[in-house]
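The values are calculated or read from the model by the stated rules, or taken from the named source; none is laboratory data. Treat the numbers as computed from the prediction; the structure is a model and nothing was measured. A quick note on method: Cβ atoms are made from the backbone with ideal geometry, for glycine too, and the neighbour counts reach across all protein chains shown. All accessible areas refer to the heavy atoms of the entire protein, side chains included, with ligands and DNA or RNA removed. Shrake-Rupley method; radii C 1.70, N 1.55, O 1.52, S 1.80 Å.
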Amino acid sequence: QFFVFCHGLLQLSQLLVSGYLKSSISTIERRYGLSSQTSGLLASFNEVGNTLLIVFVSYLGSRVHRPRLIGCGALLVSLAGFLMALPHFLTGPYEYDHSVASTFSNTTDLCQPGAPGAGANLSDASCPPHGSRENHEVLLVMFVAQALLGVGGVPIQPFGISYIDDFASQRNSPLYLGILFSLTVVGPGVAFMLGSAMLRFYVDIDKVSSAEVQLTNKDPRWVGAWWLGFLVAASLVALCALPYFFFPREMPKEWPLVLSGFPVVLLRNLRHPVYLLVVLAQVNISAMVAGLATFMGKFLERQFSLTASLANMIIGAVNIPGAMVGIVVGGAILKRFQMSLRQCSALCVLGMLLCLLTAFPLLFLGCPTQKVAGVTHWDSSGFGHHAMACNARCRCPERGFNPVCGSDGVEYTSPCSAGCSSVALRPDGSVLNYTGCSCVGAAGAARPGPCGTGCSHLFVPFVVLSCLAGILASTSHTPSFMIILRSIQPEDKSFAVGIQFMLLRVLAWMPGPVLYGSAIDTSCVLWERRCERRAACRYYDNTLFRHR
């Protein structure tokens, strides 16, 4: 029972490391200027290290000291977690455009007519020669960390489950395994809650004093302390790894799996129509879940103008518990009605159909992109990109980004592009509003921050429907596993499950986030540029983003 307890904690903290990345993905994109395709690849890269080894370890691993190997794997996972946070300590402080000169920068993004090239002092200069190299180093470290995370995770689940199943009594084994499986669902929920807590802190909390930070966490330039959660999660994994070095190896000799039988069993399973169809169905739903888990937070942030912290809170507190409820309900129905295979598959079909019906309205629950001058909205005077007559005298830097909302309800990418010439401050040094804005109608005033999408009233229906769809879809989780376990020859069981997970990894969990990220990238209407490199997306076409 102590082993089950330790293993539960270890699995939970391992999932904290891998799940935390998904909760901070939109923040890392913004901090290091990544497209969603790149960040999707990063999020699914741990599956690469995992897949390469999982089959090998599962089938040759019965003759090793399993607890000790689990401990070594856990230490690797912990190392990977610390590596994920490393880029924060390698790179300089986060830089963003601002209107008020501060201690570490005297540039401003207000409209400064007069001195030729005065406006050009802002973004064009911010391309240090080491900028692009630094970025490659960051990506390299993160991809290596993700690969290590996958490799370290290999022994944890298969060895832990087989060790428990070998030594637990027949009566208790299902209970123990049930506890572990439910923890694998709780883990990501806890990870999103951790993300929600950490992203409330400013990214450079260790490098600058709070007085110098002119951003609030509602600001689109805000970057939260994404690295902090990795340190927390990695430390937890390291703690959980320790007891494994003291568990006994002791186990009845399992009969060795003869590798000559490998291809025969493989073909026998792959030719089994029921097995193949159910696994393909699981591949489809898993690819969707993998993509959603990675980008759902980003979607909520953009559609409903939420902070990253709140978006994570919703996913961790509503959507993931909803999926858990669905899994439990599916299992309970199975047990209560002692369902046959045919009834199991009917239950799966029913769950998915109802899920589709509840998810269909989600296509329409959202608002179009806010009006952004020169990006999604053009004046009656028909000004083009950056060549607006009203701010021509300002000589705005091309790439400035510090959104302001004009009193006419149009958003401008910076005070300069709105033609604002002066700024009023609050006592604490934060911006109250901008005045003298030549592009903003009669009043000529603008407030800091984006205008928002005006979609807040649709937020609750969206969350309710998406949660309901999740509950309905996950009712088919347990019955689909039962179909596989009962339609396969008993001696092939563990092998069939191994192949099933490998197919899920290769066909769903790896490509899922990458495909989602690429689809999201196609709906971008304004890219940030960093040193001639296309970086993160500033504005999406919200309707396209939602539909795709």
Yes/no for residue 190 being among the hydrophobic types (A, V, I, L, M, F, W, C), surrounded by 15 or more Cβ atoms within 10 Å (Cβ to Cβ) and touching a Lys or Arg at 6+ places or on another chain (Cβ under 6 Å): no
Selected residue (only one of 438, 480, 487 is over 22 Å from residue 162 (Cα atoms) and among the small types (Gly, Ala, Ser)): 438
Positions within region 259-288 being at pLDDT 90 or above and either assigned to a loop (DSSP other than H, G, I, E, B) or open to solvent by 30 Å² or more (accessible area, probe 1.4 Å) (or both), in sequence order: 277, 280, 281, 284, 285, 288
So residue 336, is it part of a helix (DSSP H, G or I) and either at pLDDT below 85 or at negative phi (or both): yes
